[in-house]
Each structure stands twice: as C-alpha cells, then as structure tokens.
Amino acid sequence: MVKLLIDTYRTGEHHPGRFRRELTGQKIKKYVAMCLKPGKSTGPDRCPNELTKTMTDEQFQIVKMWVHEILKKDTSRQRAMMNGTISQLLKIGGTNKTSDQQPVVLLNSVYQLLNYVINKRLKKIVEPANILEPGRGGDRQGRCVGINMQ
C-alpha cells in the first residue's frame, strides 16, 4: 500500500480510486441511507443509527465537515476519539460457554459511516492492483469462500 501511495494526496493519478478526495453531501446522504441499518446496537456514544438518519441540515453540515477533516487532513487528533465498545455475541445455536461467543466491536454511527466510505475507497484501489492474495475470497465482490473449498 505504501508503493501505491494510498495514504497520500497524490493517490489516484494513475489508479482508479482516490482515497483522500472530498465526499459530496449527496454521497454522504446515500451512505447514511444505505449503510446505517436501523435497530442495531449503539457504540460508546449511545447514539442509534436512526438518530443519524434523521439529523437536521445543521447537524448534517457538522458531520460533513468532520468526514472531510478525517479524509483530507492529519487525523492523529481524531484517532484518539475513534473508539468502539467490544461486546461478546453468542453464536447461533451456541451455549453460554466462552468458546461459543465471538467478539464484535460496536462503533458510533458516524464512525460506521466513515468506515463504509474508507472500505469502499480501499476496495477501488486494492482490487485492480491485485494486492490481496488470489485465494482470499471472503467479502470480495465476485468471489466466495466456497470456490476456494472446491
């Protein structure tokens, strides 16, 4: 990723995606509508996704400014505030044994939004550059773990 200059402002001149470009208000609204699912557990701020989906225009402008600041500038100040709550979820059909539980990190809804943006941008850069192992099939478009098992 260092060779591709993914984390610099020059990224994108010869690659299909740009990591640090600004996100339009329309795109942010699209991410909020499509990615933040209702009825999910809240992160450390106890703000449910439904509240983020129904924010006022003033609140939306604050979120938009914050997202741009994270994507465009040095984020060492914000990284300290980006935390999550680790929760243990019981696997389907499991008992109360520790081995039947899996840890899950619950993020604040705005951090979830930012996570979706970063994930989508990284996919656009990483997939065409063939950085990932060909055998890595889970969570990749057009691939699945079942193909590897065959």
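General observations
- Sub-6 Å Cβ pairs linking a first residue in the range 42-68 that is over 30 Å from LEU89 (Cβ atoms) to a second residue that is crowded, with 17+ Cβ neighbours inside 10 Å and not charged (D, E, K, R), at least 6 apart or interchain, are LYS64/ILE28, ordered by first then second residue.
- Subset of the range 33-62 [touching a strand residue (DSSP E or B) at 6+ places or on another chain (Cβ under 6 Å) and either of a type in the set (Phe, Trp, Tyr) or exposed (fewer than 15 other Cβ atoms within 10 Å of the Cβ) (or both)]: SER41, PRO44
- Here is the figure for the range 17-26: residues that are free of Cβ contacts under 8 Å to residues at least 12 places away in the same chain and either assigned to a helix (DSSP H, G or I) or surrounded by 13 or more Cβ atoms within 10 Å (Cβ to Cβ) (or both) total 1.
- Flag if ASP139 is closer than 17 Å to ARG20 by Cβ, of a type outside the set (S, T, N, Q), at pLDDT below 80 and in a loop (DSSP other than H, G, I, E, B): no
- Residue match in the range 115-131 (condition: under 15 Å from the mean Cα position of the chain (by Cα), at pLDDT below 65 and either loosely packed, with under 12 Cβ neighbours inside 10 Å or more than 24 Å from LYS40 (Cβ to Cβ) (or both)): no
- Every residue from the range 15-74 that is among the hydroxyl-bearing types (Ser, Thr, Tyr) and within 30 Å of ASN130 (Cα to Cα): THR24, TYR31
- Any chance MET82 is under 24 Å from GLU22 (Cβ atoms) and assigned to a loop (DSSP other than H, G, I, E, B): yes
The values are calculated or read from the model by the stated rules, or taken from the named source; none is laboratory data. Remember, predicted model here, so these are calculated numbers, not experimental data. Heads up, the Cβs are rebuilt from the backbone with ideal geometry, glycines too, and the neighbour counts pull from every protein chain shown.
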